[in-house]
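Q: Below is the structure I would like to discuss, written out as structure tokens.
The values are calculated or read from the model by the stated rules, or taken from the named source; none is laboratory data. Worth saying up front: this structure is predicted, and the values here are computed from it rather than measured. Virtual Cβ from ideal backbone geometry, glycine too; neighbours counted across all protein chains shown.
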Amino acid sequence: MNRRRRLLVGALRGLLRLLAHWEVHGQGNLPAAGPLLVVFNHLAHLDGSLVIASMPWEMEAIGLSDLWDVPVVGQLLRLYGVIQVHRDEYDRPVLQRVLEVLAQGKILGLAPEARQSPTLSLEQGRKGAAYLALRSGAPLLPVGITGTETVYSALRHGQRPFLTVRIGALFRLAGPLARGAERRAQLEAGREEIMRHIAALLPYGYRGVYA
């Protein structure tokens, strides 16, 4: 991990310990190294930062361009060097970059829902994570987050929010990536498998359409 990232992650961990009740469960499921896709549910602006702080190794991450305009969060994303993507746009250079991250044996984190859930529970995921997993052959590590949706309200009232990160068992999608008409069905099945692994790590009320 480069010096800037190391300092940033260290500061973030310190703030989490100081300002929140932060718990991480399932560390025994963590692999020693990549290539790896870390997939998590998306409740609030701080989700990606919380996942990065909760993992023992350096991660690359994907974030929607909308977040770059959010105070504090946008600055954290820039400083860390998160890969910026635009909503509902196909960006070949970004796709090539993230596939290269996995080809180099690194670890990539992303939220398959591709946006914060407006219901604060799981909505149907998109196919991007399944595509990356099938295209690269990388295994997936599911992560369930709770509590980030309460952070701003709790801090405004002088309270420490309860943040929980649950790490599930490593799994793979059945590949390789198909061609033609079979690809759509394969990606849909992969998306559902990924989302159900994440749902299994969440309390019932957070599972949404995967309850």
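Q: Which one is surrounded by the most Cβ atoms within 10 Å (Cβ to Cβ), of the residues in the range 48-101 that are touching a residue at least 12 places away in the same chain (Cβ under 8 Å) and of a type in the set (Ser, Thr, Tyr)?
A: 54
Q: Given the structure, is residue 16 in a loop (DSSP other than H, G, I, E, B) and modelled with pLDDT of 95 or more? Spell out the reasoning first.
A: Details: in a loop (DSSP other than H, G, I, E, B): no; modelled with pLDDT of 95 or more: yes.
No.
Q: Taking the conditions exactly as written (surrounded by fewer than 21 Cβ atoms within 10 Å (Cβ to Cβ) and modelled with pLDDT of 95 or more), does residue 30 satisfy them or not? Don't jump to the end; show me each part of the working.
A: On the way: surrounded by fewer than 21 Cβ atoms within 10 Å (Cβ to Cβ): yes; modelled with pLDDT of 95 or more: yes.
Yes: the conditions hold for residue 30.
Q: Could you tell me whether the range 162-182 includes any residue that is crowded, with 22+ Cβ neighbours inside 10 Å, touching a helix residue (DSSP H, G or I) at 6+ places or on another chain (Cβ under 9 Å), assigned to a helix (DSSP H, G or I) and modelled with pLDDT of 95 or more? If you could, list the steps in order and put the result at the bottom.
A: The initial filter retains those residues of the range 162-182 that are crowded, with 22+ Cβ neighbours inside 10 Å, namely 163, 165, 167, 173.
If we keep only those that are touching a helix residue (DSSP H, G or I) at 6+ places or on another chain (Cβ under 9 Å) too, we end up with 163, 165, 167, 173.
Remaining after also requiring assigned to a helix (DSSP H, G or I): none.
Checked against the condition, which is being crowded, with 22+ Cβ neighbours inside 10 Å, touching a helix residue (DSSP H, G or I) at 6+ places or on another chain (Cβ under 9 Å), assigned to a helix (DSSP H, G or I) and modelled with pLDDT of 95 or more, the range 162-182 yields no hits at all.
Q: Right, another one. List pairs: first residue in the range 183-196 and in contact (Cβ under 8 Å) with a residue 12 or more places away in the chain, second residue among the charged types (D, E, K, R) and surrounded by 14 or more Cβ atoms within 10 Å (Cβ to Cβ) anywhere in the structure, Cβ distance under 6 angstrom, at least six positions apart or on different chains.
A: Taking only residues 6 or more apart or on different chains, the pairs are 187/127; 191/127.
Q: Out of 121, 117, 153, 136, report the one residue that is surrounded by fewer than 14 Cβ atoms within 10 Å (Cβ to Cβ) and of a type in the set (Gly, Ala, Ser). Before the answer, list the steps.
A: Working: 121 fails: surrounded by fewer than 14 Cβ atoms within 10 Å (Cβ to Cβ); 117 fails: surrounded by fewer than 14 Cβ atoms within 10 Å (Cβ to Cβ); 136 fails: surrounded by fewer than 14 Cβ atoms within 10 Å (Cβ to Cβ).
Criteria check complete, one pass: 153.
Q: Give the range 5-30 a look and list any residue that's of a type outside the set (A, V, I, L, M, F, W, C) and over 16 Å from residue 59 (Cβ atoms), or say none. If you could, list the steps in order and put the result at the bottom.
A: First, the residues of the range 5-30 that are of a type outside the set (A, V, I, L, M, F, W, C): 5-6, 10, 13-14, 17, 21, 23, 25-29.
Listed by number, the residues that qualify are 14, 17, 21, 23, 25, 26, 28.
Q: Then there is this: Scan the range 25-41 and report the pairs whose first residue is in a loop (DSSP other than H, G, I, E, B) and whose second residue is loosely packed, with under 14 Cβ neighbours inside 10 Å and not hydroxyl-bearing (Ser, Thr, Tyr), with Cβ atoms within less than 6 Å and a gap of 6+ or a chain change.
A: Short answer, once both residue conditions are applied: 34/105; 35/105.
Q: For the range 102-132, give me the residue count where each residue is in contact (Cβ under 8 Å) with a residue 60 or more places away in the chain and either acidic (Asp, Glu) or assigned to a helix (DSSP H, G or I) (or both).
A: 7
Q: Identify, please: which residue in the range 102-114 is surrounded by fewer than 19 Cβ atoms within 10 Å (Cβ to Cβ) and small (Gly, Ala, Ser) and is, among those, nearest to residue 31 (Cα to Cα)?
A: Quick first cut of the range 102-114, residues surrounded by fewer than 19 Cβ atoms within 10 Å (Cβ to Cβ) only: 103-106, 114.
If we keep only those that are small (Gly, Ala, Ser) as well, we get 103, 105, 114.
Numbers: 103: 17, 105: 12, 114: 25 Å.
Checking each candidate, the answer is 105.
Q: So, residue 135, is that one in a helix (DSSP H, G or I) and basic (Lys, Arg) or not?
A: Details: in a helix (DSSP H, G or I): yes; basic (Lys, Arg): yes.
The answer is yes for residue 135.
Q: Out of all the residues in the range 49-86, which are touching a His at 6+ places or on another chain (Cβ under 8 Å) and not in a helix (DSSP H, G or I)? Spell out the reasoning first.
A: First, the residues of the range 49-86 that are touching a His at 6+ places or on another chain (Cβ under 8 Å): 64-65, 67, 70, 73.
Once the filter is applied, which keeps residues that are touching a His at 6+ places or on another chain (Cβ under 8 Å) and not in a helix (DSSP H, G or I), the range 49-86 yields 64, 70.
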